[in-house]
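Report on the following structure.
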């Protein structure tokens, strides 16, 4: 199990490196949230590029340090774009982040998520029901019947209920898994980190999960998947608390949140309240 001081030092370094290096992490993401994803990536110190064509996805892999693939609002061309981009990232040895949003809706989404197993994302993020469903679909924990638990973007399960599925996914990918919730869980299959903070207002604005995926990819350009995952989650929880202190309604909260992502120092990101447990 990782030591807290060691993890905090690694997080602080990753956050400082993101600010210093302005790394590119391209995205193929939900059309509902493209603007939020890009602005969140910029606010933490990264660089954004949004595409949807197959050859552009492969170009993003070549140009950037990581790539983010979000399964929301699928178009027919994504049947080619998403697998090609994931395969290119794996071949290039570059990390990629998977958000299986909407898992269980439609045959194309299920087909693509099944195929993505072979390309082993560095980081998987989702709500509890999505993580349970993905582990079941990939035959790692539970069964494919768990797809019925995840419909749309809402969760029917608690973070703790998805703990075993997250650990199984992380051990398979040899990367990290993030479960979003009232307190977020991050695991590499060996250690589990519970990150506290955020705000209930995050659930009143579309795109907080999607934009976090983009920020996870930014951090993944600078450090290992587990450190990147905890750093991005801490950054979000820290900014959520600060934004909630400045705004009390969804629209103003979103604006304040982006500002607080920008204001957060590496030391503050590293110092966000966490608990470390054995997997």
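Every read-out reported here was derived from the displayed coordinates using simple, explicitly stated rules and does not represent laboratory data. This is a predicted model, so every value here is computed, not measured. Don't worry about glycine lacking a Cβ; one is built from the backbone with ideal geometry, like all the others, and counts go over all protein chains shown.
Computed values, structure above
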quantity	calculated
Distance between modelled label sites at residue 21 and residue 158, nm, 7 Å Cα→Cβ extension	3.9 nm
Per-residue Cβ neighbour rank within 10 angstrom, fewest leading, 103, 276, 77	77, 276, 103
50, 71 arranged by Cβ crowding within 10 Å, fewest neighbours leading	50, 71
Difference of contour (0.36 nm per residue) and Cα-Cα distance, residue 5 to residue 35	7.3 nm
Virtual spin-label span in nm between residue 190 and residue 118, 7 Å along Cα→Cβ	2.9 nm
Helix-derived mean residue ellipticity, 222 nm - over the chain, DSSP H n ≥ 4, -39500 (n - 2.57), to 500	-15500 deg cm²/dmol
Sequence-separation-based contact order of the chain, relative, with Cα cut under 8 Å and 6+ spacing, percent	22 percent
Label corresponding to Cα extents along the principal axes in Å when calculated from the structure given, among (1) 42, 37, 37; (2) 59, 38, 36; (3) 67, 41, 40	(1)
Modelled label reach - residue 13, point 7 Å along Cα→Cβ, segment 241-279 residues with backbone N closer than 15 Å	267, 270
Segment 4-278 - share of DSSP beta bridges that are antiparallel (%, nearest 5)	40 percent
Full-stretch length increase - residue 277, residue 252 - with 0.36 nm per residue and alpha-carbon distance subtracted	5.5 nm
Cut-off 12 Å (backbone N to label point 7 Å along Cα→Cβ of residue 75), residues of segment 97-130	none
Sorted by Cβ neighbour density within 10 Å, fewest at the top, the residues 138, 96	138, 96
Pairwise centroid distance, computed over Cα atoms, of segment 194-217 with segment 70-109, Å	20 Å
